[in-house]
Number of protein chains: 2
Amino acid sequence: MMKFGILGSGMVATSLGGKLIEKGHEVMLGTRSPDKLGDWVAQVGDKAQIGSFEAAARFGDWLINATSGAGTLAALELAGEENLIGKVLIDISNPLDFSKGMPPTLFVSNTDSLGEQIQRSYPQAKVIKTFNTLTAALMVDPQSLSEGDHTLFICGDDPKAKAQVIEFLSSELGWRDVIDLGDITSARATEMLLPLWIRLYMKFGTPRVQFKIVR
Amino acid sequence: MMKFGILGSGMVATSLGGKLIEKGHEVMLGTRSPDKLGDWVAQVGDKAQIGSFEAAARFGDWLINATSGAGTLAALELAGEENLIGKVLIDISNPLDFSKGMPPTLFVSNTDSLGEQIQRSYPQAKVIKTFNTLTAALMVDPQSLSEGDHTLFICGDDPKAKAQVIEFLSSELGWRDVIDLGDITSARATEMLLPLWIRLYMKFGTPRVQFKIVR
């Protein structure tokens, strides 16, 4: 059993939180809007807690950033640097900029990434970028699409932390094809998939579209 | 039988040129370095010709841009605007910038693309972006990897030209899963796949890695 602090209150946060509780873990969701999450707590049971970003970050052995890209650095600042030290921080955010209309562009890309910005801001956190290239329902149930025959990307600077996360994703969520792209600079490559992912979502009218790397 | 003018003298140009000749078409490769291509002509036979960018562009019913991204706009200028008017121009280039070391970054991305730059520069050409997300050997023989069970992206502003190209890729080269992403602004999304593709190439030690969109 592990304790997870999840920053965010959207579909990614609640889907992952619910699944982790179902798997026997304890979860605190950190949010600015705790009143939005009453139904979620009622639904998933007494292993679910709601708190501030700071409380959730203090609570978790592992942390998950499921805030919007635009709000990520502010949320982590509220979480508090001291609560991130030495911890795995799974970063699912994407630097989507909706200010120019649809489809969104990226507010950081090509020579930098949001994953790298987080790692630079919190050098003592173990930032692991993953899950940012697919929809929440598939993160927690990869088998529900094409019997799980598709790919998850992962990157991060700490090989041991990355290996632990890969093992967890495999054993707890059933991920079979997880490709380790290397250090956190690889986050650029996965965040830059979003423009394609969003166009595929718009084209097929469903977010249940996934990348598979055929090799 | 069609006449193809291919700009470029690298692997993409020679692989496609060879395959198109094998399929009974006539091909002129346009290059600044015709002496580099003597072996290729000897190998593929008398339907292969070599010329300048301008001669190749004049020759082709359909044109293929297989120059490097950095040299693309200059090559098209040499090809001559009058030789592009009304023609399908299949653009395979990627805006790779190797000046900062490996892996390369992109010299245009996110809010624009090389495909769009070409279309804006030559509004009377029918620019079709495709083939820029995979290695040359798979373009001409998709069946050789996973029995062809992987995806090709295509985009462009002219629906009729796009439909003709899709039909050609299917009937002549055996492409089964071609996803039409929409207008030429979608070129951004496919060019932005390159950072991931290059990291996968480096990781697996082979360019025979391909995207499949599972849905």
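Each reported figure results from applying straightforward, stated rules to the coordinates on display, with no laboratory input. Note that this is a predicted model, so its numbers are computed, not measured. Heads up, the Cβs are rebuilt from the backbone with ideal geometry, glycines too, and the neighbour counts pull from every protein chain shown.
What the table shows:
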{"item": "Selection from A:6, A:166, A:201, by position along the positive dipole direction of chain A (Cβ)", "result": "A:201"}
{"item": "Shielding score for B:187-200, defined as the mean number of other chain Cβ atoms within 10 Å", "result": "6"}
{"item": "Segment B:34-99: chymotrypsin sites (Phe, Trp or Tyr not before Pro) falling in loop per DSSP and having at most 15 other Cβ within 10 Å", "result": "B:98"}
{"item": "Around residue B:201: net Lys/Arg minus Asp/Glu count, Cβ-Cβ under 14 Å", "result": "+4"}
{"item": "Teacher prompt: residue A:160 distances to equivalent labels in other copies, 7 Å Cα→Cβ, nm", "result": "6.6"}
{"item": "Listed residues A:31, A:133, A:111, most fluctuating in chain A (Gaussian network, C-alpha, under 10 Å)", "result": "A:111"}
{"item": "Formal net charge of residues neighbouring residue B:145 (Cβ-Cβ distance under 13 Å; K, R +1; D, E -1)", "result": "+1"}
{"item": "Cα Rg, Dmax, segment A:155-215, angstrom units", "result": "13.7, 39"}
{"item": "Inter-copy label distances at residue B:33 (7 Å, Cα→Cβ; nm, one decimal)", "result": "5.8"}
{"item": "Cα-based Rg of the protein assembly as shown normalised by 2.2 N^0.38 Å, two decimals", "result": "1.08"}
{"item": "About the Cα centre, charge dipole magnitude for the protein assembly as shown (Lys/Arg +1, Asp/Glu -1 at Cβ), debye", "result": "180 debye"}
{"item": "Lys pairs under 29 Å by Cα in segment A:34-139, provided they are eight or more residues apart or on distinct chains", "result": "10"}
{"item": "Average partner coverage of B:175-186, which counts Cβ from other chains inside 10 Å", "result": "2"}
{"item": "Exercise: per-residue mean of other protein chain Cβ atoms within 10 Å, B:99-110", "result": "3"}
{"item": "Karplus-derived 3J(HN,Hα), 6.51/-1.76/1.60, for each residue of segment B:139-153, Hz, glycine and proline x", "result": "4, 8, 8, x, 5, 6, 10, 6, 6, x, 7, 7, 10, 10, 9"}
{"item": "Helix-only CD estimate at 222 nm, as mean residue ellipticity for the protein assembly as shown, using -39500 (n - 2.57) per DSSP H run (n ≥ 4)", "result": "-10500 deg cm²/dmol"}
{"item": "Cubic angstrom per residue, convex hull over Cα atoms of segment A:1-64", "result": "63 Å³"}
{"item": "Label-point separation, residue A:78 to residue B:147 (7 Å along Cα→Cβ), nm", "result": "5.2 nm"}
{"item": "Debye intensity ratio in log₁₀ form over the Cα atoms of chain A, taken at each q of 0.17 Å⁻¹", "result": "-1.25"}
{"item": "Distances in nm from residue A:70 to the matching label points in the other copies, shortest first (labels 7 Å along Cα to Cβ)", "result": "3.7"}
{"item": "Sequence-distant residues sharing a close amide H with residue B:61 (under 5 Å, placed H)", "result": "B:3, B:4, B:5"}
{"item": "Amide H partners (placed H, <5 Å) of residue A:141, local residues excluded", "result": "none"}
{"item": "Gaussian network model of chain A, Cα within-10 Å springs - most flexible of A:198, A:184, A:50", "result": "A:198"}
{"item": "Reach of residue A:203 by Cα under 17 Å, taken over aspartates and glutamates that are not fewer than 8 positions away in the same chain", "result": "B:157, B:177, B:180, B:183"}
{"item": "In sequence order, calculated HN-Hα J values of segment B:162-178 (Karplus, 6.51, -1.76, 1.60; Hz; x Gly/Pro)", "result": "5, 4, 5, 5, 4, 4, 5, 5, 6, 6, 8, 10, x, 6, 9, 10, 10"}
{"item": "Pair residue B:100, residue B:112: separation of 7 Å Cα→Cβ label points (nm)", "result": "1.7 nm"}
{"item": "Label-point separation in nm, residue B:22 to residue B:43, each point 7 Å along Cα→Cβ", "result": "1.1 nm"}
{"item": "Relative contact order (%) - chain A, alpha-carbon pairs under 8 angstrom, separation at least six", "result": "17 percent"}
{"item": "Cβ-based net charge around residue B:210, under 11 Å, with every Lys or Arg adding one and every Asp or Glu removing one", "result": "+2"}
{"item": "Listed residues A:38, A:80, A:51, most fluctuating in chain A (Gaussian network, C-alpha, under 10 Å)", "result": "A:38"}
{"item": "Amide proton proximity set for residue B:126, modelled H, under 5 Å, gap of 5+", "result": "B:86, B:87, B:88, B:89"}
